[in-house]
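Engineer: Please read through the structure below; I'll follow up with questions.
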Amino acid sequence: MGYNLQVNIDKSSGFCFGVVYAIEMAEDILDNEGYLYCLGDIVHNDEEVERLTNRGLKIIDHDFLKDLKNEKVLIRAHGEAPSTYQLALENNLTLIDASCPVVLKLQNRIKNSHDDEEQILIFGKHGHAEVIGLQGQTDGKAIVFQDLAELDGVELPSKFTLYSQTTKSVDKFYHIKDQLLSRGYEVKANDTICRQVSNRYEELENFVSHYDKIVFVSGKKSSNGKVLYDVCKKYNDNSYFISNVEELDQNWFNENDKVGICGATSTPMWLMEKVKAELETY
């Protein structure tokens, strides 16, 4: 017996412009040259990475970069620390810089703050590619924290400048700012959160309320995927997180369910289409 599911994909889900830009640059070079090195996963989505590696994209890490000479290397949307650009000069590497303009602007602001000898705190995920690039602007001196509890017992300067990774929650950022102010610190806060990501909270809130079930498609490594999935769950309790079609479970659905599909800024539209096609066979 068929479930007769009615399935729709959220029109505002899918790649943000920074990711579109990086992938288009990579595809152009792959079409012309057949291969291209990329420093780190081009996007936090294993399915999309696999599609591009099949076309000749070679994902490398910083250790590999040290020994690479006279090649082209793509810098992904997350951006890189100054040391990467320095190494490229020494190794005669041509950098194809697809750093997102929102991230570049933030790197620049952090660098200026650091040059002005301000103490810097960054609200962001430890070890995340973007955060490593941001911390690099401060010679590694900025304090990075994922949540306020980490700052308990840390001796903070009485006055500092607060920045955020571009894909963090706006609400959380302002909550952290208020908490730090209430603890008596002098905080200069710079809201550098990407509006293309934060606008999705409202769009999602709106979208998920119209469906019986929500299937959220995202790579497990995606920071904004975690944030956006939390939004889905908050406004529709029947929300399920999957990274690929294989993770779908028929038991989640009832007959005639209206199902909404949405994803992160790193989720390719073709993957959401694939999930939709699968659900329609139930």
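Engineer: Treating only the Cα positions of the chain as identical point scatterers, give the base-10 log of I(q)/I(0) from the Debye formula at each q in 0.15, 0.16, 0.17 Å⁻¹.
Structural biologist: Listed by q, the Debye log ratios stand at -1.13, -1.21, -1.29.
Engineer: Then there is this: Taking only Cα atoms and a 10 Å spring cutoff, compute GNM fluctuations for the chain and point out the largest among 244, 224, 70.
Structural biologist: Between 244, 224, 70, it is 70 that shows the largest mean-square fluctuation.
Engineer: Same structure, new question: Rounded to a whole number, what % of the accessible area of the range 101-196 do carbon and sulfur atoms account for, probe 1.4 Å? Walk me through the intermediate numbers first.
Structural biologist: On the way: 2180 of 4800 Å².
Solvent-exposed carbon and sulfur of the range 101-196 make up 45 percent of the total.
Engineer: Can I ask one more? In whole Å, how far is the Cα centre of the range 242-282 from that of the range 108-181?
Structural biologist: Taking the Cα centre of the range 108-181 as reference, the centre of the range 242-282 is 36 Å away.
Engineer: Under 1.5 on a/c is rounded, so check that first for the range 169-237, then, if it is not, pick prolate when a/b is larger than b/c and oblate when it is not; a ≥ b ≥ c are the square roots of the alpha carbon gyration tensor eigenvalues.
Structural biologist: Here the range 169-237 falls in the prolate category.
Engineer: Rounded to the nearest 500, what is the chain's calculated 222 nm mean residue ellipticity when only DSSP H runs of at least 4 contribute -39500 (n - 2.57) each, over all residues? Working shown, then result.
Structural biologist: On the way: 10 runs with 114 residues, N = 282.
The helix contribution divided over the chain gives -12500 deg cm²/dmol.
Engineer: Quick one: Cα centre-to-centre distance for the range 67-104 and the range 209-230, in angstrom?
Structural biologist: 31
Engineer: Which aspartates and glutamates have a Cα lying under 20 Å from the Cα of residue 159, excluding residues fewer than 8 positions away in the same chain?
Structural biologist: Hits, sequence-local ones excluded: 115, 116, 117, 118, 139, 147, 150, 178, 186, 191.
Engineer: Which is the longest run of the chain containing none of the trypsin sites (Lys or Arg not before Pro) found in DSSP loop states (not H, G, I, E, B) with at most 12 other C-beta atoms within 10 Å? It would help to have the intermediate numbers written out before the result.
Structural biologist: On the way: sites that count: 11, 69, 141, 183, 220.
It runs 70-140.
Engineer: What accessible area per residue comes out for the chain, rounded to a whole number of Å², with a 1.4 Å probe?
Structural biologist: Details: 13520 Å² over 282 residues.
With the other protein chains kept in place, the chain gives 48 Å² per residue.
Engineer: Considering the chain as a Gaussian network with a 10 Å cut-off on Cα pairs, which listed residue, 134, 74, 89, attains the greatest mean-square fluctuation?
Structural biologist: Looking only at 134, 74, 89, the biggest GNM fluctuation is shown by 89.
The values are calculated or read from the model by the stated rules, or taken from the named source; none is laboratory data. Keep in mind it's a predicted model, so treat the numbers as computed, not measured. Virtual Cβ from ideal backbone geometry, glycine too; neighbours counted across all protein chains shown. Areas reflect the complete protein model, heavy atoms only, side chains present, ligands, DNA and RNA absent. Shrake-Rupley method; radii C 1.70, N 1.55, O 1.52, S 1.80 Å.
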